[in-house]
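These notes are about the structure you will find just below.
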Amino acid sequence: MNRYLEEYKARQCTVDDALAAIRDGDFVATSGGVNAPLLFYKNLHKVAPRLKQGIDFFYGTTYKKGDFEFLESQACKGKIRTLSGFVLCKDERGYIQEGRVDYVPTHYHSQGMKMIQARGGLDVYVAAVCPMDERTGYFRTSLSNVNETDFRNSAKKIFLEVVPSLPVIYGNNEIHISEADGIYEYDHPLETMDPLPFGEVEKQIGSYVAGLVEDGSTIQLGIGAIPDAVAHAFMDKKDLGVHTEMITNSILELVEAGVVTGQRKSINRGIIIGAFSRGSQKLYDFMDHNPCVAMNPCSYVNNPHVIAQNYKMVSVNTAMGIDLLGQVSSESIGYMQYSGSGGQVDTVTGAIHATGGKSIIALASTAKNGTLSKICISHAPGTAVTLSRNDVDYVATEYGIVRLSGRTVKERAKLLISIAHPRFRDELTAQAGKVGLLL
């Protein structure tokens, strides 16, 4: 019998065995996104009755209210202190307000290690993985590698939740069977996300952004209607490369159109570099056993020094708002944590330091059905400033694109007002005049 299969059999356990390994006061973390160990989540509440100090638990996945008892049960509140590095859904915002989840402000490139250091080490790591390669004894964390490699390298105990439906995706994302303290299986369909629809506003923003992107550039795109529209506007480009934290449906569309080849990349030539993915089953099938895709940890993918090595690196991010000083808010509405900083600062910093690089913040000019300008005199009290005004390069709305880098405070205000919705320009001009931002 194959020795790795023998070892697999010897290390098989149940999810309850993984739960039994958690001790009072532990720091526990899991793989995230589509790669979250869902059976572990569904049973985590069982540890609460035996805890006195409680545990810190870091996770990351989408869900709806009622999916996981550890987030609902009063017996778990205070016993399982749930930490989130990026707020993914409206129900999670509610849990934060209820004190059941707490947000950890960090950059993606250092998120895992910063949390491990702050808590004196990682005690238990549970990862969802694709089935073992019987020839080598390796599993892979497949669709997510944000913190997974850092967690694997630091954890005192490792348990693997084998999910047969997960694709095999290459990169620095492997875990050898010899590292696992226990292995159990849980088969379920993967979370998928179809391409998002976009309208005329997003198309116009996409056309402005595309005007700045040269053939042979390396791109980073996020998720949402605006990034998808931007990708659509790239269809006439040639030899684009990809170095992005998230591999999305729109990236696949550019590959299929022959736009993304990676043949002119200055590092990782020909390879689509990412750290996690959420998209259609078609996207997952494309990445499965594909040597042109590498899922590497965010400590590499989002490292600004690495990003800056990409010639003509273009980072495209969106935002919730920008004030007339050029300060960008991408994660909170006042004191309410709405999403997270994620990798925005990482990718912006890398792009603006790359030779021929550009950073673009792309956002619709209004919110709330056109009643609120996203370009404002100042952010609401408590709003987190995600991106310093010193690091903002280009800003695009459906009314144009301007470059703030190298501009004075007064020049910035004037430029931003010029791409605000016409309905708000007079008001913004008057407000800027009152505070001395305009002559």
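The values are calculated or read from the model by the stated rules, or taken from the named source; none is laboratory data. Small disclaimer: the values here were computed from a predicted structure and weren't measured. FYI the Cβ positions are ideal-geometry reconstructions off the backbone, even for glycines, and counts take in every protein chain you see.
Some notes on this structure:
- Criterion applied to L415, L363 was being farther than 27 Å from Y335 by Cα and among the aliphatic types (A, V, I, L, M), and the one residue passing it is L415.
Condition check ((1) closer than 30 Å to V101 by Cα; (2) within 27 Å of the chain's Cα centre (by Cα)) across all residues:
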site	(1), (2)
S332	yes, yes
Y335	yes, yes
G340	yes, yes
L372	yes, yes
I375	no, yes
T386	yes, yes
V395	no, yes
L438	no, no
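- Residue ID - farthest from I360 (Cα to Cα), chosen from residues in the stretch 222-247 that are at pLDDT 95 or above and under 16 Å from the mean Cα position of the chain (by Cα): I247
- Those helices (runs of 4 or more DSSP H) lying entirely in the stretch 1-81 with at least 3 residues charged (D, E, K, R): 3-11
- For the stretch 237-268, taking the residues that are among the charged types (D, E, K, R) and without any contact (Cβ under 8 Å) to a residue 24 or more places away in the chain, the one that is nearest to L212 (Cα to Cα) is identified as K238.
- Taking the stretch 309-395 as the region of interest, the strands (runs of 3 or more DSSP E) fully inside it that hold 3 or more residues being in contact with a Phe, Trp or Tyr (Cβ under 7 Å, 6 or more places away or on another chain) are 358-362.
- Among the residues of the stretch 263-308, those that are surrounded by fewer than 22 Cβ atoms within 10 Å (Cβ to Cβ), among the charged types (D, E, K, R) and outside any helix (DSSP H, G or I) comprise R264, R269, D288.
- Test: residue in the stretch 51-60 that is surrounded by fewer than 16 Cβ atoms within 10 Å (Cβ to Cβ), more than 25 Å from P164 (Cα to Cα) and aliphatic (A, V, I, L, M): no
- 3 or more residues buried (at least 19 other Cβ atoms within 10 Å of the Cβ) and among the polar types (S, T, N, Q): qualifying helices (runs of 4 or more DSSP H) within the stretch 140-253: none
- Residues that are under 14 Å from L83 (Cβ atoms) and among the aromatic types (F, W, Y) are absent from the stretch 126-141.
- Test: residue in the stretch 3-13 that is surrounded by fewer than 21 Cβ atoms within 10 Å (Cβ to Cβ), modelled with pLDDT under 95 and either under 16 Å from the mean Cα position of the chain (by Cα) or over 30 Å from G224 (Cα atoms) (or both): yes
- Contact annotation: no residue pair with Cβ atoms under 6 Å, 6 or more positions apart or on different chains, pairs a residue in the stretch 401-412 that is surrounded by 15 or more Cβ atoms within 10 Å (Cβ to Cβ) and among the aromatic types (F, W, Y) with a partner that is in a loop (DSSP other than H, G, I, E, B) and modelled with pLDDT under 95.
- Taking each residue of the stretch 284-295 that is farther than 17 Å from V34 by Cβ and in contact (Cβ under 8 Å) with a residue 40 or more places away in the chain and looking for partners that are assigned to a strand (DSSP E or B) and aromatic (F, W, Y) with beta-carbon atoms closer than 6 Å, six or more apart or interchain, yields nothing.
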